[in-house]
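**Q** Below is the structure I would like to discuss, written out as structure tokens.
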Amino acid sequence: MPWIWVSVGSNMDRETNIRAGIHILNERFGALRLSPVYETEAVGFAGDAFLNMVLGFNTELPVDEVRRVLRDIEHARGRTRDGHKFGSRTLDLDILTYGNLVDESQDIPRAEIMRYAFVLAPLADVAPEQTHPGLGKTYARLWQDFSGSRAGMRQVGLTGLPGGRGPGICH
């Protein structure tokens with residue numbers, strides 16, 4: 001059964017939407033592994049700051065079905081898709097990895113892992129010794145070697161989530 005890592009982000013009613021997304025995912029997939037939460041400046045547009053984190057779970061669902069479940073949760077939380085890559089989000093859920101699958105046509109592993117600190121930092125926090133399926137390096141090493149911008153990003157506590165400022169498990 002593959003282990004899935006998912007990035008989670010919101011800049012609209014951030015805490016409510018992230019908590020609700022985690023709750024729905026926990027009901028659907030069972031125990032979740034949660035990274036710390038980071039507050040980051042909006043990237044690619046002028047907007048409110050985001051809360052970002054990474055969570056993981058096991059599932060036997062195929063990748064397309066996991067993606068559909070994530071889209072359904074986003075939609076339930078008021079997410080609209082207007083064709084703009086950068087913009088405000090009630091809830092953004094993206095598959096980062098799906099086991100050891102490497103499939104560029106599905107963007108798995110997701111290229112944003114190596115592009116944005118707000119994706120790689122929480123992944124390195126929650127899974128430091130796991131290896132990136134395409135690069136064969138641990139997330140801790142990738143974060144250590146990360147040359148992109150780390151500006152405008154700080155770890156924050158989100159009340160009601162296990163782990164406080166560190167990784168946790170949601171049952």
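The values are calculated or read from the model by the stated rules, or taken from the named source; none is laboratory data. From a predicted model like this one, the values you see are computed outputs, not experimental measurements. All Cβ positions, even for glycine, are placed from backbone atoms using ideal geometry, and neighbour counts span all protein chains on display. Ligands, DNA and RNA are stripped out before the accessible areas are found, and what is left, the full protein with its side chains, is counted by its heavy atoms. Shrake-Rupley method; radii C 1.70, N 1.55, O 1.52, S 1.80 Å.
**Q** Quick one: how many residues across region 102-158 are among the polar types (S, T, N, Q) and either open to solvent by less than 20 Å² (accessible area, probe 1.4 Å) or over 20 Å from Pro36 (Cα atoms) (or both)?
**A** Residues that pass the stated criteria total 3.
**Q** If you scan region 124-156, which residues turn out to be basic (Lys, Arg), at pLDDT 95 or above and touching a strand residue (DSSP E or B) at 6+ places or on another chain (Cβ under 8 Å)?
**A** Lys137
**Q** Would you point out the residue of region 1-36, among those that are open to solvent by 70 Å² or more (accessible area, probe 1.4 Å) and in contact with an Asp or Glu (Cβ under 9 Å, 6 or more places away or on another chain), that is nearest to Pro128 (Cα to Cα)?
**A** Met1
**Q** Can you name every residue in region 90-109 that is closer than 26 Å to Ala76 by Cα and out of contact with any Asp or Glu (no Cβ under 6 Å at 6 or more places or on another chain)?
**A** Listed by number, the residues that qualify are Thr90, Asp92, Asp94, Ile95, Leu96, Thr97, Tyr98, Gln106, Asp107, Ile108, Pro109.
**Q** Here's a check for you: in region 86-101, which residue that is hydroxyl-bearing (Ser, Thr, Tyr) and over 13 Å from the mean Cα position of the chain (by Cα) is surrounded by the most Cβ atoms within 10 Å (Cβ to Cβ)?
**A** Residue satisfying both the conditions and the ranking: Thr90.
**Q** Let me spell it out: the conditions are (1) free of Cβ contacts under 8 Å to residues at least 24 places away in the same chain; (2) within 26 Å of Arg115 (Cβ to Cβ), and Glu27 meets all of them except one. Which number is the exception?
**A** (2)
**Q** Please list, ordered by residue number, the strands (runs of 3 or more DSSP E) wholly in region 22-123 having 1 or more residues that are of a type in the set (Gly, Ala, Ser) and at pLDDT 90 or above.
**A** 50-58
**Q** Need the failing condition index for Phe50 against (1) open to solvent by less than 30 Å² (accessible area, probe 1.4 Å); (2) in contact with a Leu (Cβ under 9 Å, 6 or more places away or on another chain), just the number.
**A** Failed condition: (2).
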